[in-house]
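Report on one structure; see the data block that follows.
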Amino acid sequence: MNDIIYMDNHATTPIAPEVLDAMLPYLTNHFGNASSTHPFGVYAKDGVDKARHQVANLLGCSPEEIIFTSGATESDNLAIMGAAYAYKDKGNHIITSTVEHHAVLDACHALDKKGFETTYLSVDKYGMVSPDDVEAAITPKTILMSFMYANNEVGTINPIQDIAKIASKHGVLFHSDAVQGIGKLESKMEVLGLDMASITAHKIYGPKGIGALYIKDGIQLDPLFYGGGQEKSVRPGTLNVSGIVGLGAACESCQTAMELKTEEKVVGPLRDTLYQKLASELTDIHLNGHPENRLLGNLNLCFAGVQSHALLAGLKSVAVSTGSACDSESVTASHVLVAMGIPNELAVTAVRFGLGRYNTDGEVDTVANEVIQTVNRLRVLAEE
């Protein structure tokens, strides 16, 4: 697949070389269980401890506030369901939005069947949540709110800090599915004002199957799993040592990238160039999401008259997606685009380009040319 250009970095990123180098010893010679007391186990535990500090350094929190999970979906479920059950004596009301990842939405739907009540706030045409709407939705029974940092499909960045101030004022816990923003945007928990935040390694050039949940000191969660005392019994189970080491290394790599402003200096300009090339050669294309307040690597476009699945099938040397990777088999319009008010006939033509730190100017030229040719060809076929 070396001849295929990868531009689906919102779905998953390639593992950075330095991350793979950090992981390899724990997949070969240092394979011990971190709960064992012999030298193999001690070495594994040291790797886990180092990774916990690396994650905490990126988030600007204490290592004790980091719980390792299998990824963002588990972190979202643990935060939402764990908090709901832990604080049910204080209330049963949750607030979220209609454009959240299904890991959040489905967790809330499950709780709705268990006696909880969820308010699903609408968003504006860019997919952004209004802080005023958030405050208006709070009731005396509200115990938790969950809003994503940056949307995984259209890249729109939510006013997390403003929402956090509202949550704090009313004594409501605030969780964020932060996987698309952490490592690219402001990542310090104290600055963002979050009580809980979900992250995952494979969105920041780390391995799949490993993530973490930041839980602010003092917050109690009911566990989803039982059996073993790992991760303070909040998330028991044998630790994925190599994955945890990879997550830690990826967080450290992100700190370097943020210091070098890689997203701002490299990824953003590449994204803008791609958009300019497409917009200059194609008519009737529509940008989804906020035009400015968006992830620098995100470009979500509707190509009117061209079904997204047909376009993806026609692109022989480009790897992009129709939106959320979790919905890649769906032929219906994205729930995010529908919530933003985009007509269904246009929403089903959406394609998401996710640019990353390893893309190049030459790749942008190649992708733009192939997309232009394919869209024009499909539009001609549609008219015949």
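Net length available on complete extension from A137 to E345 is 71.7 nm, with 0.36 nm assigned per residue and the Cα-Cα distance removed. Report, to the nearest 10°, how far helix 268-281 tilts away from the longest principal axis of the Cα atoms in the chain, using its own Cα long axis and a range of 0 to 90°. Relative to the chain, helix 268-281 is tipped by roughly 30 degrees. The alpha carbon gyration tensor of the range 177-250 gives principal lengths a ≥ b ≥ c with a/c of 1.5 or higher and a/b no greater than b/c, which makes the shape oblate. For mean projected area of the Cα convex hull in nm², the value computed from the atomic coordinates appears in the list (1) 22.3; (2) 31.0; (3) 19.2 under label (3). Axis angle, to the nearest 10 degrees, between helix 361-383 and the longest C-alpha principal axis of the chain: 60 degrees. The lysines whose alpha-carbon is closer than 21 Å to the alpha-carbon of K114, local same-chain residues fewer than 8 away aside, are K88, K90, K141.
Note: relative contact order over the range 66-123, using C-alpha pairs below 8 Å and six or more positions apart, is 39 percent.
Per residue, the chain exposes an accessible area of 43 Å² to a 1.4 Å probe, with every protein chain left in place. Name the shape class, rounded, prolate or oblate, that the alpha-carbon gyration tensor gives for the range 91-155, where a ≥ b ≥ c are the square roots of its eigenvalues, rounded holds for a/c under 1.5, and otherwise prolate holds if a/b is larger than b/c and oblate otherwise. Oblate, since a/c reaches 1.5 and b/c is not below a/b. Summary value for the chain: 23 percent relative contact order, contacts being C-alpha pairs under 8 angstrom separated by 6+ residues. Here V338 sits with roughly 80 square angstrom of accessible surface, probe radius 1.4 Å. Expressed as a whole percent, the accessible area of the chain that falls on carbon and sulfur atoms is 53 (1.4 Å probe).
Of the peptides 27-40, 250-263, the ranking by mean beta-carbon count within 10 Å, highest at the top, reads 250-263, 27-40.
Distance between the C-alpha centers of the range 201-226 and the range 1-72? Whole Å please. Cα centroid to Cα centroid, the span is 13 Å. Label separation (D222 vs T37): 3.5 nm, computed from points 7 Å beyond Cα along the C-beta direction. Taken over the range 181-307, lysine pairs spaced eight or more positions apart, or on distinct chains, with alpha carbons under 20 Å apart number 11.
Answer rounded, prolate or oblate for the range 58-187, using the Cα gyration tensor with square roots of eigenvalues a ≥ b ≥ c: rounded when a/c is under 1.5, else prolate when a/b is larger than b/c, else oblate. Verdict is rounded for the range 58-187. Counting 0.36 nm for each residue step from S168 to R379 and taking away their Cα separation leaves a gain of 70.8 nm.
The values are calculated or read from the model by the stated rules, or taken from the named source; none is laboratory data. Every value quoted in this text rests on a predicted model; they were computed, and no experiment measured them. Glycine also receives a Cβ, built like all others from the backbone with ideal geometry; neighbour counts cover every protein chain displayed. The accessibility values were calculated without ligands, DNA or RNA, using every heavy atom of the protein model including side chains. Shrake-Rupley method; radii C 1.70, N 1.55, O 1.52, S 1.80 Å.
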